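First comes the structure, then the notes that go with it.
The values are calculated or read from the model by the stated rules, or taken from the named source; none is laboratory data. This is a predicted model, so every value here is computed, not measured. Every residue, glycine among them, receives a Cβ derived from its backbone with ideal geometry; neighbour counts consider all protein chains shown.
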Amino acid sequence: MNSQVVICCGSGGVGKTTTSAALGLRWAHDGDRVCVLTIDPAKRLADSLNIDTLGGRPTPIDIPDATGRCDAVMLDVQETFESLIQRFAPTTAAAASILENRYFQFASTRLGGVHEYMAAEKLRELATNGQYDVVIVDTPPTRNALDFLDAPDRMAELMNGAVVRWLAAPATKRGWRGIELGGEAVTRVLNLLIGQNTIGEIAQFFNLFRDLGEGFQKRSVEVQDLLRAESTRFLLVTSPSSAAQSEALFFLRQLNAKAMPFGGFIVNRVEPHIAFDGEALPVNGPDGWAVARSQLLALAEQQARLARMHEVGVDALVAAGPEGAPVWPVPHQGAPVNSIDELAALSASLPTRDALRHTP
Amino acid sequence: MSTLEKSVLIVTGKGGTGKTTVTAALGMALAMTGHRTLLVECNGTRVIGPLLGAAESTYTPQKVAPNLHAMTITSEEAIEDFIIKQIKVRALYSMVFKNRIMGPFMDAVPGLHDAVHLGKVYGLVEDDFTDGRPTWDRVVVDAPATGHGLHILNAPKAMMDLTRRGPIFANSKLVHDLTSDRSRTGIVMTCLPEAMPVSESLELNAALTQSGYGVAAVVLNEMVSTDLPSPPDQRALKAALPPEQRVNADALLSRFDARDTHQRAAHEALSNAIDAPVVHLPLLFDRPLHQASIERLASHLLRELESM
């Protein structure tokens, strides 16, 4: 039985990683076996969670009084890519040739969508190994939420597509051939642009990859099934800043367009209202009273404006969201959230797994 | 040399630290001081136009305010632009790039999408003339956040390493020479007065230094005024309040005290680690931000940068 998949998406800087970790802590505390897959945690958070930032192995987080458990995994793109190649290459020698290819070394961390693809692959591995009730994914900070959803397909298409068959035709002494496409002109353009050697290296890479195509295709289908499973939930993490809000609405439109199961909004760092009544402060007092009094009143006014501004932001999200979509505002902690205790305090504002299960 | 005198300003920083707002305000500040300025968004983002009360940007620069134009770079348009300049035949471009088989393959050429962004910026600065003089005095680029921003900055060098010769190599070298020249290009880093953005800024600064780039200015954004009463005054104020209001006053004071500590710590950490002026921008309560908000921020930036 596969794990439930919960995907935290949103733009960069809104606290996705912190939210993912806090959700993991809460659910583990409540008795679930949880895994948090994170992409690029800030160093201090990684340290406090004791995440091994190399090799992509699950490391348990020490949670006091938990009835369940929570592992954290940091995605290692290169390592995931390499282990995929080792798994699907027909021979050890074939795997080694790919890993040594200069284009692979360039492409393995830079190819468009490779982070998203490897995140999806890691998710598949964690969600199907029978170890966890739920896997929480902290998505890469791409603007385009669809990248994460489409990356496996696009990569599989690239690896298995016509270009592979075309490029992988036996190399001539010119290093590669481009006959089928009325190739002279095409070859000329490509040579001009990226040079003969580079084309040769890319062609060799795709040639080596040809045998891996089927494995990649199969994986892609499995990931798509996971993302579309009935229990899967997408949580949109945001903050009340104006930039984050417009990004959140952009994400929401994309999720709607793809008919992805929306779980609700988590709005981080919401400034609270502090019900200070300035009227209670006497007008007259000791030396310097007038200045001190007006300073305190000014602070109260500032806090009220901050809280109001954030309230308006949250209301705008609710108005733009699907009918009945829940919103979980998380009050600003006043200090950075770094320790397990601080994460646990934060997690009290977040949904339980049960609350998430009953979202529309 | 002052930040405002450089031909190219590239704004980057952690996500959510106000890169776009700062880009718009920097552009506005330059335009207000008489420079013909172009704002450039990357990856087809189109938010600066509406922020300044104008239409969404396109690949062709559109006027958004006096002396101020805005455009957005999509890598598809920039690749087309670049390649047609190189091969001079549009039909050949279509044959290779609009081709069902070759399209995805060219998409996979590592770094090409990133590299053409700064390539286009180079063209705007060095190769764009109106009536015999440069069309733009200043170009301000709203680069993507930290990680991707670094990819874009490193892309010309990466393309040089990948190709080693040929037109892409030559072109990438020209671009690299411009962007790594500190007298012509300035990197402006945006940051918030919070621990995570600050530590990410320090990491970004280290990465930029390693790539041979230097930061021209740091903008510490969304600073809140924290004019706190002195500790004895705070005690006197609280003593004069009924208990239930004393709790609230305490919450208020400790909140702003913490904020004050963070703001000072952020300024300290940034100015100690980064060899560049750290200027402040106030948090504005306008929602959404609009042209008048940007003008206020622009005046702040002018004052702060000119006093450096």
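Suppose the filter is touching a residue at least 60 places away in the same chain (Cβ under 8 Å) and surrounded by fewer than 24 Cβ atoms within 10 Å (Cβ to Cβ); does B:E203 pass it? No, not satisfied. Scan segment B:73-111 residue by residue and report those that are modelled with pLDDT of 75 or more and part of a helix (DSSP H, G or I). Those that are modelled with pLDDT of 75 or more and part of a helix (DSSP H, G or I): B:S75, B:E76, B:E77, B:A78, B:I79, B:E80, B:D81, B:F82, B:I83, B:I84, B:K85.
If you go through segment B:116-138 and keep only what is over 18 Å from B:T45 (Cβ atoms) and aliphatic (A, V, I, L, M), you end up with just B:V125.
This table checks each residue for (1) within 18 Å of B:G18 (Cα to Cα); (2) at pLDDT below 95; (3) β-branched (V, I, T).
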| residue | (1), (2), (3) |
| --- | --- |
| B:A249 | no, no, no |
| B:L253 | no, no, no |
| B:R259 | no, yes, no |
| B:Q263 | yes, no, no |
| B:A269 | no, no, no |
| B:V278 | yes, no, yes |
| B:P288 | yes, yes, no |
| B:A298 | yes, no, no |
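Among all residues of segment B:262-278, there is at least one that is more than 22 Å from the chain's Cα centre (by Cα) and within 9 Å of chain A (Cβ to nearest Cβ).
If only one of B:R184, B:R133, B:R164 is basic (K, R), free of Cβ contacts under 8 Å to residues at least 60 places away in the same chain and either in contact with a His (Cβ under 7 Å, 6 or more places away or on another chain) or more than 9 Å from chain A (Cβ to nearest Cβ) (or both), which one is it?
Exactly one residue qualifies, and that residue is B:R133.
Does segment B:218-233 contain any residue that is without any contact (Cβ under 8 Å) to a residue 24 or more places away in the chain, under 30 Å from A:S242 (Cβ atoms), at the interface with chain A (Cβ under 10 Å from one of its Cβ atoms) and assigned to a loop (DSSP other than H, G, I, E, B)? Checking segment B:218-233: at least one residue is without any contact (Cβ under 8 Å) to a residue 24 or more places away in the chain, under 30 Å from A:S242 (Cβ atoms), at the interface with chain A (Cβ under 10 Å from one of its Cβ atoms) and assigned to a loop (DSSP other than H, G, I, E, B). Among the residues of segment A:237-250, those that are crowded, with 21+ Cβ neighbours inside 10 Å and either in contact with a helix residue (DSSP H, G or I) (Cβ under 7 Å, 6 or more places away or on another chain) or modelled with pLDDT of 85 or more (or both) comprise A:V237, A:T238, A:S239, A:P240, A:A243, A:Q245, A:A248.
Residues that are in a loop (DSSP other than H, G, I, E, B) and over 19 Å from B:I274 (Cβ atoms) were ranked within segment B:136-161; the one that is farthest from the other protein chains (Cβ to nearest Cβ) is B:D137. So, in segment A:270-293, exactly how many residues are in contact with a Gly (Cβ under 9 Å, 6 or more places away or on another chain) and more than 9 Å from every other protein chain (Cβ to nearest Cβ)? Selection size over segment A:270-293: 1. Output the residues belonging to segment A:227-243 that are away from chain B (no Cβ under 14 Å), in contact (Cβ under 8 Å) with a residue 60 or more places away in the chain and in a loop (DSSP other than H, G, I, E, B). Correct list: A:A229, A:S231, A:T232. Note on segment A:311-340: among residues that are in a helix (DSSP H, G or I), free of Cβ contacts under 8 Å to residues at least 60 places away in the same chain and more than 9 Å from chain B (Cβ to nearest Cβ), the one that is farthest from B:A236 (Cα to Cα) is A:A319.
Reported count of residues in segment A:319-330, each being under 24 Å from the mean Cα position of the chain (by Cα) and surrounded by fewer than 14 Cβ atoms within 10 Å (Cβ to Cβ), is 1.
Run down A:R305, A:R353 and say which single residue is out of contact with any Pro (no Cβ under 7 Å at 6 or more places or on another chain), surrounded by fewer than 16 Cβ atoms within 10 Å (Cβ to Cβ) and charged (D, E, K, R). The conditions single out A:R305. Summed over segment B:191-202, the residues that are part of a helix (DSSP H, G or I) and either more than 11 Å from chain A (Cβ to nearest Cβ) or within 17 Å of the chain's Cα centre (by Cα) (or both) give a count of 5. I need the full set of residues from segment A:279-302 which are exposed (fewer than 13 other Cβ atoms within 10 Å of the Cβ) and farther than 30 Å from B:E222 by Cα, in order please. Selection gives A:P282, A:V283, A:N284, A:P286, A:D287. When A:R353 is tested against (1) over 18 Å from A:V237 (Cα atoms); (2) at pLDDT 90 or above; (3) of a type outside the set (A, V, I, L, M, F, W, C), exactly one condition is not met: (1). Scanning segment B:30-40 for any residue that is out of contact with any helix residue (DSSP H, G or I) (no Cβ under 7 Å at 6 or more places or on another chain), part of a helix (DSSP H, G or I), surrounded by fewer than 20 Cβ atoms within 10 Å (Cβ to Cβ) and without any contact (Cβ under 8 Å) to a residue 60 or more places away in the chain turns up nothing. Here B:A115 fulfils each of the conditions (1) within 29 Å of B:P66 (Cα to Cα); (2) buried (at least 24 other Cβ atoms within 10 Å of the Cβ) apart from (1). Of all residues in segment B:128-146, those that are within 19 Å of B:A216 (Cα to Cα) and of a type outside the set (V, I, T) total 6. Considering only segment B:31-46, I want to know if a residue exists there that is at pLDDT below 95 and of a type in the set (S, T, Y). Yes, that holds for at least one residue.
Scanning segment B:248-260 for residues that are facing another protein chain (nearest Cβ under 9 Å) and surrounded by 13 or more Cβ atoms within 10 Å (Cβ to Cβ) yields B:N248, B:A249, B:A251, B:L252, B:L253, B:R255, B:F256, B:A258, B:R259. Could you tell me whether A:L255 is part of a loop (DSSP other than H, G, I, E, B) and either surrounded by 15 or more Cβ atoms within 10 Å (Cβ to Cβ) or of a type in the set (K, R) (or both)? Taking the combined requirement at face value, the residue does not satisfy it. Can you pull out every residue in segment A:333-347 that is more than 22 Å from the chain's Cα centre (by Cα) and modelled with pLDDT of 85 or more? Correct list: A:A345 only. With respect to B:A240, is the statement that it is buried (at least 17 other Cβ atoms within 10 Å of the Cβ), at the interface with chain A (Cβ under 9 Å from one of its Cβ atoms) and on the phi < 0 side of the Ramachandran plot true? Considered against the rule, which asks whether it is buried (at least 17 other Cβ atoms within 10 Å of the Cβ), at the interface with chain A (Cβ under 9 Å from one of its Cβ atoms) and on the phi < 0 side of the Ramachandran plot, B:A240 comes out as yes.
Of the residues in segment A:294-310, none is over 24 Å from B:A249 (Cα atoms) and within 14 Å of chain B (Cβ to nearest Cβ).
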